[in-house]
Each structure stands twice: as structure tokens, then as C-alpha cells.
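See below for the structure under consideration.
The values are calculated or read from the model by the stated rules, or taken from the named source; none is laboratory data. Since the structure is predicted, the reported quantities are computational estimates derived from the model, not experimental observations. Cβ atoms come from the backbone with ideal geometry, glycine included; neighbour counts cover every protein chain shown. Protein only, heavy atoms only, side chains kept; ligands, DNA and RNA dropped before computing areas. Shrake-Rupley method; radii C 1.70, N 1.55, O 1.52, S 1.80 Å.
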Amino acid sequence: MKSTRISLFLVFVSFCSLFARADEGMWLPMLVSKYNMNAMQQMGLRLTADQIYSVNQACLKDALVSLDHGGCTGSIISPKGLLITNHHCGYEAIAEQSSVGSNFLSDGFWAMRPEEELPITGKTVSFLIRMEDVTARVLANVTSAMDEGERASVIQKETDLIVKAAETESGFEVSVESMFEGNEYYMFYYQTFTDVRMVGAPPSSIGKFGGDTDNWMWPRHTGDFCLLRVYSASDGKPAEYSKNNVPLQPKYFLPLSLAGVKEGDFSMILGYPGATDRYLTSYGISEKLSQGNPADIKAKWAKMEVMKKYMDGDEATRIAYAGDYAYLANFWKKSLQESKALQRLKVFDDKKKTEDAFQAWVQQDEGRKQTYGSVMNDFSTLYQTSALNRANEATSYAGELLMGARILYIAFQTGELVSRFDSADFKDMVSSNKIKAAKFYKTFNPALEKELLKNMLRLYVSNVSEQYIPDCYTLINKKFRGDIGKYVDHMFDHSIFASEASLLEFLNNPRKKTIKKDPAYVAANSFISSYMLARLAQMTDEDKFSKARRLYIAGLREMQPETTFYPDANSTLRLTYGSVKSYSPADALYADYYTSLQGVMEKEDSTNAEFVVSPKLKDLYSKKDFGPYAEKGVMHVCFLTTHDITGGNSGSPVINGNGELIGLAFDGNSEAMSSDIKFDVNVQRTICVDIRYVLFVVDKYAGAGYLLDELKIAR
Ligand code: ARG
């Protein structure tokens, strides 16, 4: 029974939300002053637009970084370049630094002095210096009479000129990115640092607590954070790793807050979301459900099954394959849950409704018919080409195979030598291949690799259409009577790529013929040929697709002039704002907005590696030794917000109305896994680790409290 008081309250709430509606939207920071400031201030933001994004003064954006050019997000939290991101963003690096006997994945890592910080090869950290709208310049020479090919080449030419001029003038790295499928263009200036070091990481029993079982799930109890440090040359400029480098002095760093969060609190996230597909049509959804996701799920699972078997049996293998396995498991589950959510939330119907409205709007006017008349029909035809479907299937399975079977990968990489035997830098290439090989075989388990390749070859041939079956299968049929097992065994017995020793022996005395007839090299090439053939088929229609997508978005915007649109994620800096909020994951269920350490203890299962709790953590819990980080005696671990994020946002700072760090975004909830295609505020939540739990782990659990001295903590 509803009381009048409650209904009045609901009326009030929906009235307020008319004005302060947010949640959905990945906004370009330079435009928040125009589009979002009013709403954000009404919801509780106490900063000005210039404090978020400005080219003239130090601001939040100057504390934000993109890791590895779009892999994850991090933020600077001290004047000495200390950087915080997710544990799963540092996971590969932590695994790479680990070995049996010194396993930082299982035991955690803490540099107790600057000299103990570990350089991470290959890690990059990029700061956005500024961005500009360059649409008018990029499209200046484009006319409506041009076909897609001409259009693309005119745009490319103009973009190259703009980028070159901007790089010369500024000295920064510059890129131009398309927004709204080629309706707008923005230019971004970046500065990238390459001397990045590992400072601290909790053990996986905290940083990956709940493992793949809890991944994409709420309630969650993961301390998903790690600490890195950015170093620069003594003049503050980027420099390759050197002992003489100094901790970066950032333009700005985020202060932290111990105040915690309550339901309804305003918060925002700045970060680098990778890709969304919010304008995907109902046709695209059908394709995803019937083909794209099933192929992805099958192929990833085929690899995971084998990897898991070998990883369970051997610690060295577990470390060697940890990064790849985590990646596969993450996206395998994402595809599974995405299909479920698309169906449960009826996203197809929803898209269809929009498309019908669009079509009706187009029919109302001759000019619209001219411009947009064929768009929907084009989508329908494009998605129905069975040639395209077959090509999609081939690239999915071939991609997973080529990325999964390491012997094919190294064979292909080294195979480059074939065309370089007579070139001047051949000797250098051989030396660099020797260095690569030494690293490569550290994480190569031949037994696992054999079984994985066998599985993938069987899967490929039973799922991909005849025209994309590579000629290595002819060989399998002729020479091995169709026995894939024998073929792979033979490959591993005879390929120079089956072990480090045989590859080194070859590199010491390289001969073109040896590579050319190597069975792994031959197999890799035959798969790449089929892959390229399928890509070519995909690209035949790419022009038509991109035109339909561009026109569809242009039309939707014209049809709804009152609505402010945001562009799909594309690894550029975005702001999303909303509030801390509980939700209902399913009928009859209510999920609170935060979890606590009690939940970690409840989930403990010493027989399951994903749910082991360390004695130290149990001890702190039982003594309630939480320092200043608990709230009324309760140690909060994670919380939920309504932010609009996706992959790439991992590690993004969650910032309160005062501009202080209150948590890190690290996941989304499975019930809303359709979110890359459609945001649904009723179910979509961002899962964040509470910054107070982070500080508790650093200070109380790890005893690395000295690190807190360089932070600015509002108490
Ligand atoms: N789902 C999260 C993401 O995509 C976390 C992934 C890492 N965790 C894991 N258990 N594999 O960012």
C-alpha cells in the first residue's frame, strides 16, 4: 500500500530529476561548460567548469592519464607523480615481474623505498594537454557529391596536414578523432611518459578477490587498485627509463577524501572509455546475438579450457598465462552477459522503435527523403549479405586462433626475416629477434600450446565456411589423413619455433629456406591469407556501412534538435556524472549501494583460490583495526554509482562534488552488460572500490603507510 506521502515524494523526486537528469552520457570535457555544468551543479558539484577542464589553468584533466594509449585510465595523486589505477590494469606488469618464489600476483608487491620501485617495460602514461574542434577544417573540402572513397581520402589528406602542423608547432603528439561516425572531428594534444614504475600492488586475494566468478558482478568485494609512479627527465620532459630520471612533478594531482559516500551523493568520473556502439541498429543487434557473440564465446572458451587445465597444475604456467587468461575470461563473460542483457532488456525492440520513428520522420519531408531515404534499407541489406556473415565468422575464429596459438605468433613475427636477408640491417634484426625470443619462451608451455592449437584448428574447420578454410587443412588431409592431432604433433617436432633452443640455433645460422618450409611458419601464413581474404570481403561493404552510420546519426540529431547528443566512446577523455545509487538486479531483489569487509569474510573459501582470505586481513578484521578508514566501525569496500562507463575506464577516478577522489571505477554489473549498446539507468551501475579501503590496505594491511605522506587527504 502506497502512502500519499510516498507518492508526493516520488513526484518531487521525478520533478528534480527532470532538471538534474544525468547518468547517461560520455561527455567531451571541453564541452561540459556548455552542456553539463548546470545539471552537475544542481546535483552537488561545487567546482567551476575551469576546474574540470581548462587550457589556461591546472585542473582535473591534468591529473588524468590514459595508460598504454587507451588500455586503462589512471590518475595522479601526489606531487611526486604517484599514480593510482586498477590492479587488473597493472596485472600483466605484475605477472611479468613475477616468478616462482617471488610471485607478486599471489603475494603482492610494495616498494618500501624509491630504489625498490620496479621499472615496467612498455608501459606508457599519456596526459591530455588540450583538445579542439576541427570539424570545419577537416570537412572543408568535402562535398555531398563525393563517394565514400573520395570523401575518406580528402579527410585523410586534410587530417594529416592539420596533425603535422600542430605537432610541429606544439611539440606534442597530436591526433584527430572522428566523432558521431564522421559528422564531427576533434584534435587532441598528448604528452606521453615512458618511464613508469611499479610502486605497490595488493595480493590477488585482495586486488582480484572473487576472481572470474565475481567479475562483472555485484555485490563485489575486490580491492582492485595498484600504485605506479611516473618519472621524467630532470627537466620534467618525458624520457626513457634511466636511473637519473626523477619523479614527475605533475601540473595537478587529485586530493583524496575520507568522507565516504552516501546514497544519492553526486559524483563524476573522468576517464578514457574505449568503444561503445550506442547507435547500433536493430539489425546489428540481431547479428550480434545470432553470430558475433556466439562465435566469440565459443572461441574464447576453447582456449580458456586448455589454459586453465595447465595453469591449475603448475605455478610457473599459472604466472606465464595469467595475463592472457584474465583477458579471455573477462571478455568471454562479457559477451555471454551482453547477449543475456540485450534480450532481457529488450534492446532490439527499443532500437526498432527509434528506427521506426526515424523512418516516419524521414517520410514527412522531400528533403529528408533525399538525404536519409535509403539509410534504413541500406542497413537491412548490408546486414543480410550472407557473404558478409561468412567473412565475419572467419575473422572471429581466425583472429582468436592467431592471437591464441603462440607458436604461430612467433613464427609469423620471426618470418619477417625472410624478406630481409639481403638488407643492411639484417644482423640487427637477428639480434633483436634473439632478445625477443628469450622473453617469448619464458611464457611458453609446449604441452599447453599443442593442445590449444589442436582445439582451435578443430573449432575453426567446423565453424567456418569452405571458402575461408586455409590450405594447411589440405596438407592435414593429404599428409595426416585429416588427423589434426598428428599434424600439430608433427609441427612441434619439426618447427624451429617449438623451443627457444631450436630458434636460437636457427638465428645463429639463419637460412631463408629453413623458415620458408617451417611447418609453424607455413601454418601461420596460410591462416593469415584466409584472414586477409575475409577482411577483404568485410571491407567491400565498409564504405556503405560507414555512410549509413554517418547519415543515421546525422538524421537522429536533426530529428531531435532539443536533445544534446554525446559521441560514442573512442578512447578520448570523457566525463560522466551521476550519483551513488543502489539498484534492483532482478525481480524481488534489492542491492545496496555498498559492500563491507564483512562480505569478504562471508565469501571466504580456503578451497577456492578466487576466495582465499589472507590471515593478516582476517586478523585486522577481527580486531576491527581499521585506522581512520572505517565508517562507524564498518570498513566499506566497494560502492555503486550510476556513471556511464565502459572498458578503458578501468582505473578512472571517482570524484566527489569537491573534486576529491573517493574511489576508482573498476567494473560494471552483468545485468546491464548491454550497456555498450544502450544505457539503462534502472540497472546500469559502475562498480567502484572505495578509496578508504585502498588506504586501509596500503596503510594497515601492507604497512606501506609512508606512501600516504605524499598524498593530500581531506579528513
Ligand atoms: N570486468 C572488469 C573490466 O573489464 C575487470 C576485469 C578483470 N577481472 C577479472 N576477474 N578478470 O574492466
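The residues listed here are Leu254, Leu258; of these, the one that is open to solvent by 10 Å² or more (accessible area, probe 1.4 Å), over 16 Å from Leu67 (Cα atoms) and more than 16 Å from the ligand (Cβ to nearest atom) is Leu258.
Looking only at the range 316-330, which residues are farther than 15 Å from Ala447 by Cα and more than 13 Å from the ligand (Cβ to nearest atom)?
Within the range 316-330, just Ile319 meets the criteria.
Return yes or no: is Gly90 part of a helix (DSSP H, G or I), buried (at least 22 other Cβ atoms within 10 Å of the Cβ) and in contact (Cβ under 8 Å) with a residue 40 or more places away in the chain? Yes, satisfied. Taken over the range 275-298, residues that are closer than 23 Å to Pro653 by Cα and crowded, with 21+ Cβ neighbours inside 10 Å amount to 1. Look through the range 549-565, keep the residues that are among the hydroxyl-bearing types (Ser, Thr, Tyr) and either under 17 Å from Ile155 (Cα atoms) or under 27 Å from the mean Cα position of the chain (by Cα) (or both), and return whichever of them is surrounded by the fewest Cβ atoms within 10 Å (Cβ to Cβ). So, considering only residues that are among the hydroxyl-bearing types (Ser, Thr, Tyr) and either under 17 Å from Ile155 (Cα atoms) or under 27 Å from the mean Cα position of the chain (by Cα) (or both), the one surrounded by the fewest Cβ atoms within 10 Å (Cβ to Cβ) is Thr564. Taking residues in the range 136-164 that are touching a residue at least 60 places away in the same chain (Cβ under 8 Å), and partners anywhere that are open to solvent by 40 Å² or more (accessible area, probe 1.4 Å), the pairs with Cβ atoms closer than 7 Å and at least 6 places apart or on different chains are Glu148/Asp543; Glu148/Lys547; Gly149/Asp543.
Residues considered: Asp605, Asp625, Asp587, Asp680. Of these, the only one that is on the phi < 0 side of the Ramachandran plot, out of contact with any helix residue (DSSP H, G or I) (no Cβ under 7 Å at 6 or more places or on another chain) and of a type outside the set (Val, Ile, Thr) is Asp587.
One residue stands out among those in the range 654-679 that are within 23 Å of the chain's Cα centre (by Cα) and under 20 Å from Ala63 (Cα atoms): the one that is nearest to the ligand (Cβ to nearest atom), which is Phe666.
Could you identify the single residue in Ser530, Ser546, Ser502 that is open to solvent by less than 70 Å² (accessible area, probe 1.4 Å) and touching a Pro at 6+ places or on another chain (Cβ under 8 Å)?
Just a single option satisfies the conditions, and that option is Ser530.
The residue that is least open to solvent (accessible area, probe 1.4 Å), among those in the range 663-695 that are of a type in the set (D, E, K, R) and assigned to a loop (DSSP other than H, G, I, E, B), is Arg685.
Yes or no, residue by residue, for (1) closer than 30 Å to Ile687 by Cβ; (2) open to solvent by less than 20 Å² (accessible area, probe 1.4 Å); (3) within 12 Å of the ligand (Cβ to nearest atom); (4) free of Cβ contacts under 8 Å to residues at least 24 places away in the same chain:
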{"residue": "Gly210", "(1), (2), (3), (4)": "yes, yes, yes, no"}
{"residue": "Arg220", "(1), (2), (3), (4)": "yes, yes, yes, no"}
{"residue": "Arg229", "(1), (2), (3), (4)": "yes, yes, no, no"}
{"residue": "Asp235", "(1), (2), (3), (4)": "no, no, no, yes"}
{"residue": "Pro250", "(1), (2), (3), (4)": "yes, no, no, no"}
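Apart from one condition, Asn509 fits all of (1) loosely packed, with under 13 Cβ neighbours inside 10 Å; (2) touching a Ser or Thr at 6+ places or on another chain (Cβ under 7 Å); the exception is (2). Checked against (1) open to solvent by 50 Å² or more (accessible area, probe 1.4 Å); (2) within 19 Å of Ala548 (Cα to Cα); (3) of a type in the set (D, E, K, R); (4) in contact with a Ser or Thr (Cβ under 6 Å, 6 or more places away or on another chain), Arg390 passes all but a single condition, namely (2).
Out of everything in the range 339-348 that is assigned to a helix (DSSP H, G or I) and without any contact (Cβ under 8 Å) to a residue 60 or more places away in the chain, what residue ends up being least open to solvent (accessible area, probe 1.4 Å)? My answer is Ser339.
Output the number of residues of the range 413-427 satisfying the condition of being surrounded by fewer than 11 Cβ atoms within 10 Å (Cβ to Cβ), in a helix (DSSP H, G or I) and not small (Gly, Ala, Ser). Here the count works out to 1.
Which is modelled with pLDDT of 95 or more and within 16 Å of the ligand (Cβ to nearest atom), of Lys333, Lys346, Lys353?
Within the list Lys333, Lys346, Lys353, the selection yields Lys333.
Close contacts from the range 579-594, counting a first residue that is at pLDDT 95 or above and a second that is exposed (fewer than 12 other Cβ atoms within 10 Å of the Cβ) and part of a loop (DSSP other than H, G, I, E, B), with Cβ to Cβ under 7 Å and a gap of 6+ residues or different chains, come to Ser582/Tyr590; Ser584/Tyr590.
Which count do you get for residues in the range 696-707 that are open to solvent by 10 Å² or more (accessible area, probe 1.4 Å), of a type outside the set (Ser, Thr, Tyr) and either in contact (Cβ under 8 Å) with a residue 60 or more places away in the chain or touching a strand residue (DSSP E or B) at 6+ places or on another chain (Cβ under 9 Å) (or both)?
Summing the residues that are open to solvent by 10 Å² or more (accessible area, probe 1.4 Å), of a type outside the set (Ser, Thr, Tyr) and either in contact (Cβ under 8 Å) with a residue 60 or more places away in the chain or touching a strand residue (DSSP E or B) at 6+ places or on another chain (Cβ under 9 Å) (or both) in the range 696-707 gives 4.
Every condition in (1) open to solvent by 80 Å² or more (accessible area, probe 1.4 Å); (2) under 36 Å from the mean Cα position of the chain (by Cα) is met by Lys517 except one, and the failing one is (2). Before we move on, is Leu452 within 21 Å of Ala534 (Cα to Cα), surrounded by 21 or more Cβ atoms within 10 Å (Cβ to Cβ) and not hydroxyl-bearing (Ser, Thr, Tyr)? Criteria not met by Leu452. Scanning the range 642-653 for residues that are within 14 Å of the ligand (Cβ to nearest atom), buried (at least 24 other Cβ atoms within 10 Å of the Cβ) and not polar (S, T, N, Q) gives His643, Ile645, Gly648, Gly651. Sub-6 Å Cβ pairs linking a first residue in the range 287-299 that is farther than 19 Å from Leu457 by Cα to a second residue that is of a type in the set (A, V, I, L, M) and open to solvent by 40 Å² or more (accessible area, probe 1.4 Å), at least 6 apart or interchain, number zero.
Checked across the range 199-208, the condition of being over 30 Å from Tyr593 (Cα atoms) and over 20 Å from the mean Cα position of the chain (by Cα) holds for at least one residue. Residues being in a loop (DSSP other than H, G, I, E, B), more than 16 Å from the ligand (Cβ to nearest atom), open to solvent by 50 Å² or more (accessible area, probe 1.4 Å) and touching a residue at least 60 places away in the same chain (Cβ under 8 Å) are entirely absent from the range 186-206. Being within 16 Å of the ligand (Cβ to nearest atom) and at pLDDT 95 or above is not true of Asn103. Residues satisfying the criterion are present in the range 626-640 (criterion: of a type outside the set (Val, Ile, Thr), more than 30 Å from Gly274 (Cβ to Cβ), away from the ligand (no atom under 14 Å from the Cβ) and without any contact (Cβ under 8 Å) to a residue 60 or more places away in the chain). Going by the conditions given, is Glu177 within 26 Å of Gly668 (Cβ to Cβ), under 22 Å from the mean Cα position of the chain (by Cα) and away from the ligand (no atom under 16 Å from the Cβ)? Yes; evaluated as a whole, the condition is true for this residue.
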